[in-house]
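A short worksheet on the structure shown next.
The values are calculated or read from the model by the stated rules, or taken from the named source; none is laboratory data. Here the structure is a predicted model, which is why all the values come from computation and not from measurement. SASA here: full protein model, heavy atoms, side chains in, ligands and nucleic acids out. Shrake-Rupley method; radii C 1.70, N 1.55, O 1.52, S 1.80 Å.
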Amino acid sequence: MDATPTAELTSTPGQHVVEPLQDGGGGDGTSRRPHPLIGIHLCGSTALVWRTADVKAAREAGVVGSLVGALPRQPRQNGRLGRPLQLGQEELRLLLEKQASGDDLESSAPNSDGEVQQAQTECYEEEQRSSFEAQSILALEERKSALLRAMGGAKQGGGTSQPDGGVSGRLEVLDQSFVFPRSAVAVQLRTARAGLSHCSDERTLLSAAQPGSSQRAPRSESRFQVFRDLRQRGYYITSAGKFGGDFLVYPGDPLRFHAHFIAVCVALDEQLPLVDVLAVARLGSNVKKTVLLCSPGGPAAPVHYTSLQWSGMV
Amino acid sequence: MNEVTEMTESTDTLCVDDVDDLFPHNWILHHPMYLRMQSLDVEDGAQVHAAFLVYMDLTEVRHWKDVSSLKCPELQVVLLEGREKEGAPMQSILPLPVHQYLNHKSVRTVLGRGFPVLLCVVASDSTLVYQRMTDGFVTPDPPAGQIQDHGRRQHRKRHQQH
């Protein structure tokens with residue numbers, strides 16, 4: 001099933017689970033809750049998402065992140081990376097905000113545990129039953145074809161002419177009397193669900209407190225407000241390290257579109273050296289992106305956006 | 001014109017004083033538009049000088065129409081307004097010397113006048129750099145030229161070389 005990928009990051013001793021993992025009913029997402037919880041692990045101050053289902057759920061929530069793990073079959077390259085998905089500070093905050101407001105699963109955890117286990121048991125037994133049926137059918141087919149081969153071989157080799165009626169007769173007998181013993185059933189043991197914090201008491205033990213808002217620098221606060229506002233307008237956002245801005249803003253999923261904007265987050269009264277303004281605008285025009293100056297107005301005020309473009313006046 | 005011909009005919013050396021009369025070193029200070037800008041009572045002398053240089057560029061080099069200067073009270077700077085051609089929409093120009101700073105709030109103030117805004121940065125050698133500033137999200141122009149999907153042709157070529 002899901003093989004846990006080898007990662008280059010070393011896990012620090014204090015690896016905490018911030019949110020409970022997704023309570024899949026039958027292991028492979030057979031029971032979908034309306035707001036799936038995304039398991040986020042903190043390694044130091046870096047937020048990581050490990051499970052594929054969680055990465056997918058984060059993408060659907062508009063959080064792109066960046067893959068930082070090595071691929072097990074191609075460890076010596078960094079063109080294509082695998083899980084875990086590393087979340088930026090703003091992405092982490094956005095996901096936590098969403099999950100805090102959306103879900104009340106946390107509060108009903110003690111009751112739902114019993115129900116969840118009940119559902120899980122039923123699901124498991126159902127799976128075993130259907131697996132047994134399928135396997136007995138396949139075993140019967142196997143026996144029949146083996147019989148046919150044996151009959152056919154005997155015919156060719158021995159030369160003794162057995163009447164064709166004998167073959168079909170034997171097949172009928174096989175159909176009626178064939179029993180696939182339970183002890184011969186192949187059972188698949190899933191290893192994907194095993195792991196840290198699968199049990200609820202481990203979860204509560206490992207859940208960590210959120211870094212306090214007082215510790216956040218004012219600049220990261222303004223960055224987050226811009227991030228959240230852009231996300232609400234439906235843009236996808238990734239980090240813009242290559243372009244000297246704060247964010248790269250895409251009109252849709254980054255896999256389908258080129259970025260349209262380089263977002264630079266500044267406070268409304270922050271003094272910018274003019275050469276820097278020119279430099280970032282010139283860079284933007286060279287890579288066919290508009291530079292967006294973003295300033296949050298205040299805690300509840302809208303964010304102001306100004307587009308900078310090269311004038312083309314030589 | 002006649003004065004000039006006379007000078008070259010009559011002499012040996014060009015009289016420095018005459019040249020000065022024609023092209024005084026401080027001609028800017030006597031220019032009517034500069035005097036007008038001075039009268040706007042903006043303290044920042046460097047900014048006024050920058051505004052004047054932008055004015056000269058717009059009018060004499062780019063031949064813009066209806067260019068005028070005004071004072072922006074909130075920012076305490078000289079702004080210019082003008083049209084690129086006859087009948088074109090009015091635009092605001094914010095001229096600033098390169099060593100100064102700009103904050104987003106000032107930009108919003110100039111945008112608040114309702115015209116398209118050009119920021120013009122003036123270097124110490126009077127190089128001018130213009131930049132467009134617009135409110136909101138302006139989608140960039142798509143890449144020019146035909147975009148052809150070459151498919152696997154590139155990979156095939158490389159394979160042949162081996």
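How do A:T52, B:T134 stack up against each other in accessible area, from largest to smallest, with a 1.4 angstrom probe?
I get A:T52, B:T134, largest accessible area first.
At 1.4 Å probe size, with every protein chain present, just tell me what the per residue accessible area of the stretch A:251-314 comes to in Å².
Accessible area per residue: 47 Å².
For the stretch B:29-111, which whole-number percentage of the solvent-accessible area (1.4 Å probe, protein heavy atoms only) is attributable to carbon and sulfur atoms? Could you put the intermediate results ahead of the total?
On the way: 2040 of 3940 Å².
Roughly 52 percent, rounded to a whole number.
Would you jot down the residues in the stretch A:244-278 that end up with at least 50 Å² less accessible area in the complete protein assembly than in the chain alone, with a 1.4 Å probe?
Listed in order, they are A:L268, A:Q271, A:L274, A:L278.
With every protein chain left in place, what is the accessible area of A:Y236 in Å² (1.4 Å probe, nearest 10)?
Only protein atoms counted, so the area is about 40 Å².
Can you list the residues of the stretch B:119-146 that have at least 30 square angstrom less accessible area with all protein chains present than in their chain by itself, probe 1.4 Å?
Output list: B:V121, B:V129, B:Y130, B:Q131, B:R132, B:M133, B:T134, B:G136, B:F137, B:V138, B:T139, B:P140.
Could you order A:R73, A:R51, A:R233 so the one with the most accessible surface comes first? Probe is 1.4 Å.
The residues order as A:R73, A:R233, A:R51, largest area first.
Quote the total accessible area buried by chains B and A together, excluding ligands, DNA and RNA, probe 1.4 Å, nearest 100 Å².
Summing both chains' loss of accessible area gives about 2800 Å².
Looking at this model, which pairs from A:K98/B:K105; A:K242/A:K289; A:K56/A:K288; A:K98/A:K289 are more than 22 angstrom apart at the alpha-carbon? Let's see the in-between values first.
On the way: A:K98/B:K105 31 Å; A:K242/A:K289 13 Å; A:K56/A:K288 30 Å; A:K98/A:K289 30 Å.
Table pairs above 22 Å Cα-Cα are A:K98/B:K105; A:K56/A:K288; A:K98/A:K289.
Given the whole protein assembly as supplied and a 1.4 Å probe, what does the accessible area of A:F243 come to in Å², nearest 10?
40
Please report the carbon-and-sulfur percent of the accessible area for the stretch A:245-314; probe 1.4 Å, protein heavy atoms only, DNA, RNA and ligands left out.
Roughly 58 percent of what the probe reaches on the stretch A:245-314 is carbon or sulfur.
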